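Student: This is the structure, below, for whatever I ask next.
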Amino acid sequence: MMLRLVLISALLATPALAADDGAKVAAKYNCLACHSIDKKIVGPSYKEVAAKYKGQKGAEEMLMAEVRKGLPGGKWGPIPMPAQQIDDKDLRTIIRWVLAQ
């Protein structure tokens with residue numbers, strides 16, 4: 001029973017830890033060169049992204065695919081986003097942080 005409680009607690013804490021680490025991981029991959037939390041730089045702000053995808057089923061997976069493949073100009077403005085090489089764990093951490101904005 002105690003082990004079950006420990007595992008449940010760990011699972012519940014995981015999204016919070018991912019959100020706390022999101023900014024650090026985004027900085028590690030230089031995401032903040034083109035994006036910021038609340039202002040458009042080259043790409044949209046993370047708050048804009050979170051608002052656009054708020055409540056959409058599958059938003060996390062959709063954003064992961066877009067970051068991996070890149071985006072042509074037009075979705076968020078005229079400048080395309082090149083495909084990004086970010087490992088799955090780190091990318092999921094970043095996406096969850098973005099969606100939490």
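Student: Take the conditions among the β-branched types (Val, Ile, Thr), in contact with a helix residue (DSSP H, G or I) (Cβ under 9 Å, 6 or more places away or on another chain) and either at pLDDT below 95 or over 11 Å from Ile94 (Cα atoms) (or both) and apply them to Ile37. Does it pass?
Tutor: Details: among the β-branched types (Val, Ile, Thr): yes; in contact with a helix residue (DSSP H, G or I) (Cβ under 9 Å, 6 or more places away or on another chain): yes; either at pLDDT below 95 or over 11 Å from Ile94 (Cα atoms) (or both): yes.
It is true that Ile37 is among the β-branched types (Val, Ile, Thr), in contact with a helix residue (DSSP H, G or I) (Cβ under 9 Å, 6 or more places away or on another chain) and either at pLDDT below 95 or over 11 Å from Ile94 (Cα atoms) (or both).
Student: Another one. Which members of the range 45-66 meet the condition of being open to solvent by 40 Å² or more (accessible area, probe 1.4 Å), within 16 Å of Ala26 (Cα to Cα) and assigned to a loop (DSSP other than H, G, I, E, B)?
Tutor: Passing the criteria: none in range.
Student: Among the residues of the range 67-80, write down those that are open to solvent by 70 Å² or more (accessible area, probe 1.4 Å) and within 21 Å of Asp38 (Cα to Cα).
Tutor: Answer for the range 67-80, where residues must be open to solvent by 70 Å² or more (accessible area, probe 1.4 Å) and within 21 Å of Asp38 (Cα to Cα): Lys75, Pro78, Ile79, Pro80.
Student: If you don't mind, there's one more thing I want to ask. Among the residues of the range 48-65, what is the count of those that are more than 11 Å from the chain's Cα centre (by Cα), within 21 Å of Ala23 (Cβ to Cβ) and either among the charged types (D, E, K, R) or modelled with pLDDT under 95 (or both)?
Tutor: Result for the range 48-65: 3.
Student: Mind listing just one residue for me: the one in the range 81-99 that is under 16 Å from Val49 (Cβ atoms) and assigned to a loop (DSSP other than H, G, I, E, B) and, of those, least open to solvent (accessible area, probe 1.4 Å)?
Tutor: Here the residue is Ile86.
The values are calculated or read from the model by the stated rules, or taken from the named source; none is laboratory data. The model shown is predicted, which means the values in this text are computed figures rather than measured ones. Here Cβ is always computed from backbone atoms with ideal geometry, including for glycine, and neighbour counts include all displayed protein chains. Keep in mind that these areas ignore ligands, DNA and RNA; they rest on the heavy atoms of the full protein, side chains included. Shrake-Rupley method; radii C 1.70, N 1.55, O 1.52, S 1.80 Å.
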